[in-house]
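Dropping a structure here in structure tokens format, bear with me for questions.
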Amino acid sequence: SLFIAWPLLKTSRLLRIVIGCGFWIANPIIISVLLPYEGTLSLNGILFHILYSGIGLDPILVFFPFFLFGTVIGDTLFNVYQIDPSETGFRKTFGYKYLGPTIGIGSILIIFGVFFEYPNFLRRESFSWVFYSLGIDIVFISLLLLLEIFETIKTKKSYKLFFYYSYYSLTIFLAHNILYFLFLEKLGMNIWFFTVVTFIFMTIILRFIYKKWKESASLKVQIKKLGSGITRKIEKRSNKKVNEIATFEHK
């Protein structure tokens with residue numbers, strides 16, 4: 001998504017919203033055209049594999065707009081902060097001018113998603129589901145900002161629990177696949193019990209790993225170090241070539 005969105009990040013927020021909605025409108029049309037070619041070696045079959053890779057997965061045409069809308073929210077928050085970077089200024093500008101409209105827009109999207117082709121909003125990836133989900137996201141983010149801006153919760157406290165999951169996020173993402181084989185077709189109504197137990201158990205393990213190995217067990221940190229090393233080597237090689245050219249021209 002990042003590579004696709006990179007050229008769009010320099011466009012206006014309105015254009016990104018239009019493009020995101022365009023993806024959602026075009027998705028059911030495109031899938032109806034390409035679905036008969038699933039598994040074939042034709043051009044349409046290849047396009048289906050690229051865009052959907054199977055109906056059971058999360059197609060990029062449905063979920064890429066969420067990323068675009070996220071950049072719009074991020075840009076809006078950044079622009080509001082630029083108006084007055086002080087804590088009271090941000091609270092006044094965003095809290096009193098933007099928070100109400102965003103909650104209102106999110107609520108409208110939720111209502112539209114629920115009643116448009118009811119009860120399709122419960123079916124993942126349906127046209128009504130994407131608007132319903134977007135509304136939920138907007139309202140949820142707005143409420144979190146409301147709690148932070150008006151200091152309902154003290155965000156300056158140490159949230160070590162969330163730190164562990166952020167620090168080892170990529171490691172957890174790859175390692176959690178083991179749980180798929182452990183609990184495959186074995187969980188019913190008791191899934192929430194095992195979810196809570198697993199969460200507590202994982203937190204204890206992550207805390208132990210952090211105290212013993214810290215960044216050595218974080219794939220995200222190791223990839224960062226690898227990327228930095230490659231970048232330094234490329235820069236060193238480029239500087240060497242520039243120096244050789246400069247020396248040659250001087251001679």
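Rank-order 15-26, 64-75 by packing density, defined as the average count of other C-beta atoms within 10 Å over each peptide's residues, highest first. The partial results should precede the final answer.
Working: 15-26: 15.0, 64-75: 17.0.
Most protected by this proxy first, the peptides run 64-75, 15-26.
Using each residue's phi in region 216-228, evaluate 6.51 cos²θ - 1.76 cosθ + 1.60 at θ = phi - 60° and report the 3J(HN,Hα) Karplus result to the nearest Hz, with x for Gly and Pro.
Couplings: 5, 9, 9, 5, 4, 5, 5, 5, 4, 5, 4, x, 5 Hz.
In whole Å, what are the extents of the chain along the principal axes defined by its C-alpha atoms, from largest to smallest?
Largest first, the chain extends 78, 57, 47 Å along its Cα principal axes.
Suppose R0 equals 51 Å; then what is the FRET efficiency for residue 10 and residue 182 from their Cβ-Cβ distance, rounded to the nearest 0.05?
0.70
Work from the charge dipole of the chain (Cβ charges, +1 for Lys and Arg, -1 for Asp and Glu, about the Cα centre) and give the residue of 135, 47, 198 farthest towards its positive end.
The residue sitting farthest along the positive end of the dipole is 198.
Using R₀ = 30 Å, calculate the FRET efficiency as 1/(1 + (r/R₀)^6) where r is the Cβ-Cβ separation of residue 140 and residue 234; round to 0.05.
On the way: r = 41 Å, r/R0 = 1.37.
E between residue 140 and residue 234, to the nearest 0.05, is 0.15.
Every number here is computed from the coordinates shown, using simple stated rules; none is lab data. Predicted model only: the values in this text are computed from it and were never measured. Virtual Cβ from ideal backbone geometry, glycine too; neighbours counted across all protein chains shown.
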